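The values are calculated or read from the model by the stated rules, or taken from the named source; none is laboratory data. The model shown is predicted, which means the values in this text are computed figures rather than measured ones. Positions of Cβ are generated from backbone atoms using ideal geometry, with glycine treated the same way; all protein chains shown enter the neighbour counts.
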């Protein structure tokens with residue numbers, strides 16, 4: 001058969017991260033690729049208990065179709081969870097989703113027609129880029145600075161769209177411990193972004209998977225909070241706080257956006273699984289989520305510190321990386337002339353894999369960048385893996401210098417490939433309140 005497929009199907013692309021997850025099942029490979037939680041944090045015994053509790057007390061509801069916005073017990077628990085972390089939302093402004101990836105899908109359905117301009121960060125979350133690209137969006141990227149999105153660059157993109165007679169459908173940002181960079185947006189920039197968006201009547205889509213996983217002990221106010229919930233759609237998930245296999249998240253939005261999002265969700269999956277909602281609602285109500293998040297922070301902080309220390313020891317001069325204060329990732333910029341794609345085979349051949357940075361850039365840039373995850377591997381694996389990655393980078397740098405020497409005139413001091421001190425900060429310093 002030779003069926004005629006839709007334009008949407010034609011725009012769909014594979015996620016390299018999903019393809020790389022197979023490496024996480026191999027005992028001989030150190031994976032810095034996927035954003036997987038440390039499985040030791042999974043509360044298996046508690047889930048067994050809660051599963052039986054839900055089935056015995058609310059089994060007929062748990063195994064039945066549920067309301068599209070979510071089970072009332074779950075929505076009530078989410079309202080309290082948000083309040084615990086200084087975010088306010090009433091139950092009428094919340095819709096439970098199959099993790100935040102479904103939230104991105106619903107946002108795409110709500111706002112994007114083929115060719116619709118939207119604004120994203122450079123780099124940005126690949127799952128969002130996939131969802132927006134599949135919908136046919138015209139993505140305009142704005143670079144990140146040490147304290148979040150470059151607002152001057154945002155102004156230039158907005159002025160460019162003004163000249164084209166087009167208004168962006170939304171601005172998509174990940175303000176806390178951004179995926180993939182680890183950068184956190186300062187409070188000042190959050191406020192300025194809200195003001196810019198309001199002046200131009202542009203919605204802000206705030207993706208917030210990592211905010212609670214904060215190593216400093218003090219979370220910054222979300223864009224949702226600073227805006228009073230007006231003009232902002234907030235996407236949340238339990239995949240990074242609890243366990244991704246449950247596929248549970250939620251959207252917070254005002255009217256009339258929420259009404260439309262619920263209608264769109266009805267056409268996608270009717271409702272999110274009631275059984276898992278009841279389990280997580282009880283987990284939240286018993287106060288166990290705070291303990292889980294605290295354990296995650298205690299687990300991930302030393303892993304992050306170990307990775308930063310290993311990078312400082314192993315990576316050659318000219319390498320730069322971010323210093324996140326939460327979340328699961330840090331960002332590496334390789335020395336000039338080195339590509340993450342060409343180096344991947346060299347590193348993978350020695351048993352270390354990472355995610356190449358180009359796919360996080362909607363404009364195809366980022367060839368010399370890569371993302372590293374520190375939540376999944378052990379400290380020992382991190383130290384050994386970064387040592388291997390450093391050796392692979394040094395070999396790639398040497399091969400690049402030899403190739404350049406045979407095709408170009410002798411280099412002058414300070415030119416590309418010249419030795420320079422490694423820069424270890426610049427991206428991702430935690431901004432002051």
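Descriptive notes on the structure:
- Within region 160-188, the set of residues being within 25 Å of the chain's Cα centre (by Cα), in a loop (DSSP other than H, G, I, E, B) and surrounded by fewer than 22 Cβ atoms within 10 Å (Cβ to Cβ) comprises just one member, 186.
- With respect to the conditions (1) in a loop (DSSP other than H, G, I, E, B); (2) out of contact with any helix residue (DSSP H, G or I) (no Cβ under 6 Å at 6 or more places or on another chain); (3) buried (at least 21 other Cβ atoms within 10 Å of the Cβ), residue 217 falls short on a single one, namely (3).
- Put simply, of 390, 417, 385 the only residue that is within 17 Å of residue 343 (Cα to Cα), at pLDDT below 50 and surrounded by 13 or more Cβ atoms within 10 Å (Cβ to Cβ) is 417.
- Restricting region 404-414 to residues that are over 29 Å from residue 322 (Cβ atoms) and outside any loop (DSSP other than H, G, I, E, B), the residue that is modelled with the lowest pLDDT: 407
- Among all positions in region 64-73, there is at least one residue which is farther than 16 Å from residue 247 by Cα, out of contact with any helix residue (DSSP H, G or I) (no Cβ under 8 Å at 6 or more places or on another chain) and at pLDDT 95 or above.
- Taken over region 1-56, the criterion of being at pLDDT 75 or above, touching a helix residue (DSSP H, G or I) at 6+ places or on another chain (Cβ under 8 Å) and part of a helix (DSSP H, G or I) is satisfied by 8, 11, 40, 41, 46, 47, 50, 51, 53, 54, 55.
- Selection count where residues are farther than 21 Å from residue 193 by Cβ and either crowded, with 23+ Cβ neighbours inside 10 Å or modelled with pLDDT under 95 (or both), scope region 115-129: 2
- Candidates 212, 230 - the one that is without any contact (Cβ under 8 Å) to a residue 40 or more places away in the chain, within 21 Å of residue 93 (Cα to Cα) and either in a loop (DSSP other than H, G, I, E, B) or in contact with a strand residue (DSSP E or B) (Cβ under 9 Å, 6 or more places away or on another chain) (or both): 230
- Only residues that are buried (at least 20 other Cβ atoms within 10 Å of the Cβ) and within 20 Å of residue 390 (Cα to Cα) were counted across region 325-343, and they come to 10.
Yes/no per residue for (1) farther than 17 Å from residue 74 by Cα; (2) within 20 Å of the chain's Cα centre (by Cα); (3) in the same structural domain as residue 321 (by TED's automatic domain parsing); (4) touching a residue at least 60 places away in the same chain (Cβ under 8 Å):
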site	(1), (2), (3), (4)
219	yes, yes, no, yes
224	yes, yes, no, yes
238	no, yes, no, yes
272	no, no, no, yes
278	no, no, no, yes
303	yes, yes, yes, yes
